[in-house]
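The values are calculated or read from the model by the stated rules, or taken from the named source; none is laboratory data. Bear in mind the structure is a predicted one, so any value in this text is a computation, not a measurement. To get the accessible areas, we keep the full protein, side chains included, count just its heavy atoms, and leave off ligands, DNA and RNA. Shrake-Rupley method; radii C 1.70, N 1.55, O 1.52, S 1.80 Å.
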Amino acid sequence: MGVFEDIMAHSSRRPSGLAGVLEAARPLPLNIRKTTNSTLTSNMWELELLPPRSIERLRGAIAGLSKRALEPNLFFEPEVVSAAWPRLSSLLAPAGSWMLCLWETTGTHRLLRLFMPFRIARIGLPKQTVLEVLSNDYLPLGTPLVDRENPDEAFETLFRLLSDPHLRLPDLLNLTHQRKDGAVMACMVRAMKTLGLPHAVYHQTQRAALKVSDDPQNFLKNQLGNKRFRELNRQWRRLADTGNLTFSITKTQNELFNAFEKFLTLELKSWKGRRGTALYNQRQVTAFSRQIVADLAASGGSEIALLTLDERPIAALILLSRDGWVMPWKIAYSEEHRAFSPGMQLMFHTTKALIERKDFIMADSLAVADHWMMNRVWPDKLTMGDVMVGLSSQAKPDLHKALRAVERRDTMKHRLKQWLSMDRRKKR
């Protein structure tokens with residue numbers, strides 16, 4: 001499989017009997033690990049698993065890769081990854097995490113070909129230990145950054161090197177929040193099939209998206225229908241009668257700082273604040289969010305759309321973007337003005353502004369499936385799914401076992417949700 005190097009020099013031999021069982025149950029030591037592989041073309045591939053603190057020295061390489069990436073993923077760019085640590089380490093990866101870097105060296109030229117942060121995770125019921133790409137509700141896109149030059153070879157090499165027994169890694173890799181119809185997914189699946197690796201796509205859903213329109217002037221009217229379009233315009237006029245109503249998109253850093261604090265206040269006053277899920281309710285999440293908005297603003301990667309009434313915000317939307325790809329990350333609106341649909345009004349005017357941009361390519365709503373508001377405004381769909389792959393041809397039993405465990409967990413969560421819903425109705 002190649003040459004293995006562990007910077008902290010530990011033994012790869014696991015004791016047998018009870019001692020071996022106890023050692024297997026311990027958390028994996030998250031020290032720096034490397035493994036390499038040379039090809040027939042004399043190129044050398046090197047897989048590095050680095051702790052999160054290494055992100056600072058990787059900034060330049062990751063930023064370069066993001067510009068060459070087959071598909072963009074703003075959540076894996078250095079500004080976002082560095083903001084997550086150490087702030088969200090206990091939330092995102094309590095059992096530990098690595099920065100996965102796949103390098104290719106040709107002669108004296110060394111280039112980062114693939115990057116993704118990942119964690120050690122325990123999933124399903126009973127719990128199964130797997131490697132899992134770092135994505136969740138705060139970072140709902142797990143697409144690895146892979147160079148558009150020879151991505152198939154990069155993924156084949158990645159899967160080979162991850163299966164190196166000296167790395168002592170779990171034999172399952174769980175790639176969550178993947179765009180099922182995307183170019184990166186296609187490359188991954190081809191690599192899995194070429195290597196004969198067992199794999200399965202599960203948790204498939206569709207979420208709203210917005211693509212370039214051939215008729216931006218009439219897009220919203222055609223999408224919403226005449227009745228809904230007229231109703232939104234009527235609500236806008238009624239709201240404007242109560243004060244000075246304005247829509248704006250804030251881009252400069254100083255304006256963004258003020259707009260972000262307004263967003264926090266709006267969200268805290270909403271049902272999210274009462275339920276304890278607003279950003280402001282979680283100090284570390286607030287600090288993480290504030291930093292990524294500020295850091296991405298320097299490169300034009302963050303904006304905040306605001307709907308204000310007499311200079312007081314009644315709806316706010318955080319937008320993250322890169323090279324024409326846009327993601328509405330978080331939205332908040334005033335329940336005091338719910339009769340005028342402030343959230344829908346904000347999405348209406350934000351959508352109009354996006355499709356009129358010359359560099360606009362696509363917007364991913366990041367919303368849950370069948371979201372009542374996003375599905376009304378954005379007609380396109382992205383099929384999302386989780387992909388689990390066994391890192392050797394012998395991992396098929398473990399793969400099926402993990403999938404059954406996930407299915408049992410999902411069933412129990414669904415039944416618990418139903419029970420809680422029935423209990424709330426009885427108490428009314």
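Rg to Rh ratio, segment 302-404, alpha-carbon atoms and Kirkwood radius? Intermediate results must be reported in sequence, preceding the final value.
Working: Rg = 19.0 Å, Rh = 16.3 Å.
My calculation puts Rg/Rh at 1.17.
Comparing Leu210, Leu195, Leu320 in a Gaussian network model of the chain where C-alpha atoms under 10 Å apart are linked, the largest mean-square fluctuation is found at Leu195. Partner aspartates and glutamates whose Cα lies under 15 Å from the Cα of Lys221, excluding those fewer than 8 positions away in the same chain, are identified as Glu231, Glu356. Dimensions of the chain along the principal axes, based on C-alpha atoms and rounded to the nearest Å, stand at 76, 58, 36, largest first. Bridging of Lys417 to aspartates and glutamates at a Cα separation below 20 Å is possible for Asp137, Asp370, Glu407, once same-chain residues fewer than 8 apart are set aside.
The long axis of helix 226-240 is offset from the longest Cα principal axis of the chain by roughly 70 degrees.
Among DSSP beta bridges whose residues both lie in the chain, state the antiparallel percentage, nearest 5. Write out the running numbers ahead of the final one.
Working: 75 of 79 bridges.
Restricted to the chain, the bridges split so that about 95 percent are antiparallel.
Only protein atoms count toward the accessible area here, which uses a 1.4 Å probe; on segment 183-284, the carbon and sulfur part of that area reaches 46 percent. Start at zero, step by 10 Å, and the Cα-Cα distances of segment 246-334 spread as 18, 52, 28, 2 percent across the bins. Reported value for segment 205-286: 208 Å³ per residue, from the convex hull of its C-alpha atoms.
Tell me, in nm to one decimal, what length is gained between Arg338 and Ser90 on full extension, where the rule is 0.36 nm per residue of separation less the Cα-Cα distance? Intermediate values should be presented prior to the final figure.
Values: separation 248, 0.36 × 248 = 89.28 nm, distance 3.62 nm.
85.7 nm is the gain from fully extending Arg338 to Ser90.
Taken per residue, the accessible surface of the chain reaches 48 Å², heavy atoms only and a 1.4 Å probe. Straight-line cross-link reach from Lys67 at under 30 Å between alpha-carbon atoms covers these lysines, not counting any fewer than eight positions away in the same chain: Lys34, Lys180, Lys193, Lys211, Lys251, Lys330, Lys352, Lys358, Lys381.
Applying the Karplus relation 6.51 cos²θ - 1.76 cosθ + 1.60 with θ = phi - 60° to segment 47-56 yields 3J(HN,Hα) values of 9, 10, 10, 10, x, x, 5, 6, 4, 5 Hz, where x marks Gly and Pro.
At 222 nm, what value in deg cm²/dmol follows for the chain if DSSP H runs of at least 4 each add -39500 (n - 2.57) and the sum is divided by all its residues, to the nearest 500? It would help to have the intermediate numbers written out before the result.
Working: 14 runs with 167 residues, N = 428.
Calculated from helices alone, the mean residue ellipticity at 222 nm is -12000 deg cm²/dmol.
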